[in-house]
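Novice: Supplied in structure tokens, the structure appears directly below.
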Amino acid sequence: MTRVRHRRHRHVIAAVLGASTCASVLALAKPARARMVLDEDFRTVQPTFELTGPALGGHGNPTTDAPASLAGSTIALLDGGALAIDGDSGQLVRTDDAGKVVARLDVGRGAAQLVYDAGTRRAYVADRLGDRVVVVAVSDKLVEQAAWTTPVEPWGLALAPDGKTLLVTTIADRMLVAIDTAAGKTRWDRPLSREPRGVAIAPDGDTAMVAYLTTGTVERVDLAAAGHGGTHVSLGAEIAPSRQSGVAPAVTGFIADSTPTRSFARAAFAVRYVGNGLAVVGHQQSTPVQIAGNFRENAGSYGGGFDPPVEHRIAFVGAPEGSAQPTVEARVILHQPDALGWDPATDTLVAVGYGSDDLLVIKDASQATVALANHLSITGGCGPDGVAVADGTAWVWCSLTRRVAKVDLTGATAVVLGPEATKSKRSALEQRGLALFRGGNDGRVSSRGAMACTSCHPDGRTDGLSWRIESHELQTPLLAGRVAGTHPYKWDGGDKDLTQSLTSTMRRLGGSGLSEDEVRALSAYLESIPAPPTPRRDAKQVARGQKLFEGALGCDTCHGGKRMTDREGHDFHTNLAKVDTPSLIGVAASAPYYHDGSAATLDALLRDTATVHGMADVGDLTDAQIADLVAYLETR
Ligand code: HEC
Ligand code: HEC
């Protein structure tokens, strides 16, 4: 048993923000002063729950019949217990009411979401690295009934209200697949933009919403229409409409736009419909360039500014009827609101902070009277990545401690932590490293703890943004599969080893730094993240691309060997004197390309339309050869 910490809304926010604005103005007037570190905790400048505009929604509690399986999670409720999928061990577990395991089944390491169909007592689990959905009969035992092959890297799941169709998002192949659950056959599929994650179906079954890590949008999919067309809906209140209108930015994902103070919605893992036609989306808002010009004050810091360049939000996305497709956002205190649960009986929304081990209880979630009801903490380094809500209790899956936590939403009783449900397959060092990697509110990692490593490298990948660092805008590199054996680090190759790289990263982030042991743990974790799965491509085309890569073009003179890098710096006459050859492992997942993010796609890079020229002579390539090379690169 662990005591609940119960925080009330703080009223010091305005005062602290005022002070920080003053500091910026002062510093602008005197650019030669020493770097300034503001060390108040991030939580003192971020409101607990504050709407950025008038609330959407209706009046009164909608009497929606909305099963939890309309959106996947890592935990689902059953009679007398829960079902949870642990991505670390790859095990599906059934627990009793106290969180003790009563049955288990191996699904596969890296497994992502599950949904539970109470009608048929079947669970569906996304086996992310096995490219299948595993169908499990749930009784006092867990029995694998079937496994349905999917496109590469299934992650998000949602079950239609009638239980007859399962929607699956697949990351590497960028597809949305609808599976007929009776026949186990694909009904239809359609392409998605890059880095899709969660998917949710509306209670009426007519629309679905897909969340993305790097598009700045959620995509509303019309399930009733032939072709299952989609519309991208912008997240992030400050985003200029011209940039985010239509599908184009979502598809290209090209963000080398260094307009100061422009902010971008990122890292939307979780989406769920509530009542009155609203959908809620947890996301982050990043401001990669805060200050214009060659501003040297605080020179080394990411974003080049003073205000935390990352904040966390819950978007309320309105129904498409009505002209403007309104969206209203709430700034929230949670660090990385990556999972959402909703209890239709009470219209209570629960959002969990993966990086801060806490949860927000929001009452009247689908009504104009939406308001904060509670902010509760879970102790013990939980790393919550899933939540299910019923009868005034949130059941949370603690991904880092692999336990169920039961939280009384009134905060009146203590949080009940179940026993360890599965054994981690990570080493103790890697586990410790992951805990540091995702941890927000840690002043050792970043100024005020505003940023965690996952703020820019969600899921070990890239936010697709170019951050102002000193006088350059540098693109966030992909880490998954690219860290071990690729030293030196950073685009300019300035850091000879990982210890030096992480030390300089935390200094730039304004953090006070971690101990040597902790840096070792973080390094061990970074080196253990597997490379992203690669999309399926035609084998003959890949072979033709490889021939070009290794033959006439001589790409492998620099991108050779197992890690696909010579680990040398090269001068391509850009604003960096030399750029360290990046590894091309997982390159399909690392867009945009080049140190400044100036190539939106591999196709654009090979057509030499970016700011970097002279890497190799690509001027004579035909369209077919470019397609072959892209296919080869995408499968690395
Ligand atoms: C504000 C966004 C941001 C945050 C937060 C962040 N990074 Fe990065 N990361 C970047 C950018 C941008 C670069 C490229 C910087 C450069 O080349 O100078 C980078 C580079 C790296 C590299 C070098 C990769 C290579 O192949 O050269 C590693 C390793 C890394 N980050 C790990 C981390 C870790 C660990 C943390 C947490 C302590 C972290 N990052 C926090 C944006 C971020
Ligand atoms: C002379 C060494 C050299 C050769 C030859 C070379 N590259 Fe590169 N490559 C680099 C360097 C250095 C960068 C980083 C440049 C920058 O960002 O400014 C890079 C960047 C890239 C990137 C972007 C990676 C990312 O994550 O942003 C891709 C893709 C790539 N190269 C593919 C190729 C292909 C395909 C060829 C052959 C047509 C090739 N390279 C030939 C050195 C080389």
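The values are calculated or read from the model by the stated rules, or taken from the named source; none is laboratory data. Owing to the predicted nature of the structure, the values given are computational and were not obtained by experimental measurement. Neighbour counts run over all protein chains shown; Cβ positions are idealised from the backbone, glycine included. Surface areas here come from the heavy atoms of the whole protein model, side chains and all, with no ligands, DNA or RNA. Shrake-Rupley method; radii C 1.70, N 1.55, O 1.52, S 1.80 Å.
Novice: Please give the peptides 560-567, 279-286 ranked by average Cβ packing (other Cβ atoms within 10 Å per residue), highest first, as a rough proxy for protection.
Specialist: Working: 560-567: 15.4, 279-286: 27.0.
Output ranking for 560-567, 279-286: 279-286, 560-567.
Novice: Over its Cα atoms, what ratio of radius of gyration to 2.2 N^0.38 Å does the range 445-550 give?
Specialist: 1.26
Novice: What's the tally of Lys pairs in the range 49-429 whose alpha-carbon atoms lie under 16 angstrom apart, where the two lysines are 8 or more places apart or on different chains?
Specialist: Values: K100/K141; K100/K406; K100/K423; K164/K185.
Here the count comes out as 4.
Novice: For the ranges 154-162, 509-517, what's the packing order if you count other beta-carbon atoms within 10 Å of each residue, average per peptide, and put the highest first?
Specialist: Values: 154-162: 23.0, 509-517: 16.3.
Most protected by this proxy first, the peptides run 154-162, 509-517.
Novice: Return the calculated 222 nm mean residue ellipticity for the chain, to the nearest 500 deg cm²/dmol, obtained by summing -39500 (n - 2.57) across DSSP H runs with n ≥ 4 and dividing by the residue count. Intermediate values should be presented prior to the final figure.
Specialist: Values: 10 runs with 94 residues, N = 636.
Only helices count here, giving -4000 deg cm²/dmol.
Novice: How big is the range 501-545 by Rg and Dmax over its Cα atoms, in Å?
Specialist: Cα radius of gyration and Dmax of the range 501-545 are 18.2, 52 Å respectively.
Novice: What are the principal axis extents of the Cα atoms in the range 390-516, in Å, biggest first?
Specialist: Per principal axis, max minus min of the Cα coordinates gives 54, 30, 28 Å.
Novice: Among 377-385, 572-580, what's the highest-first ranking by average C-beta atoms within 10 angstrom per residue? Don't skip to the answer; put the middle values down first.
Specialist: Values: 377-385: 22.2, 572-580: 15.8.
Result, highest mean first: 377-385, 572-580.
Novice: Ok, one more. Along each of its three principal axes, how wide is the spread of alpha-carbon positions in the range 120-244, in whole angstrom units, largest first?
Specialist: So the extents along the principal axes, rounded to whole Å, are 53, 30, 26.
Novice: Given a 1.4 Å probe and every protein chain left where it sits, what share in percent of the accessible area of the range 40-114 is carbon and sulfur? Provide the component values of the computation, followed by the final result.
Specialist: Numbers: 1380 of 2790 Å².
Taking all protein chains in place, the range 40-114 shows 49 percent carbon and sulfur surface.
Novice: Measuring with a 1.4 Å probe in the full set of protein chains, what accessible area per residue, in whole Å², belongs to the range 49-429?
Specialist: With the other protein chains kept in place, the range 49-429 gives 32 Å² per residue.
Novice: In square nanometres and to one decimal, what's the mean projected area of the convex hull around the Cα atoms of the chain? If you can, show how the numbers build up before the last one.
Specialist: On the way: hull surface 107.0 nm².
For the Cα atoms of the chain, the hull's average projected area reads 26.8 nm².
Novice: Taking the alpha carbon gyration tensor of the range 49-429, what are the square roots of 5 times its eigenvalues, largest first, to the nearest whole Å? All intermediate terms of the calculation are to be shown ahead of the outcome.
Specialist: Details: eigenvalues 190, 115, 93 Å².
Equivalent ellipsoid of the range 49-429: 31, 24, 22 Å, largest first.
Novice: Quick one: work out Rg over Rh on the C-alpha atoms of the range 539-634, Rh as Kirkwood radius.
Specialist: Details: Rg = 12.6 Å, Rh = 13.6 Å.
Dividing the radius of gyration by the Kirkwood radius yields 0.93.
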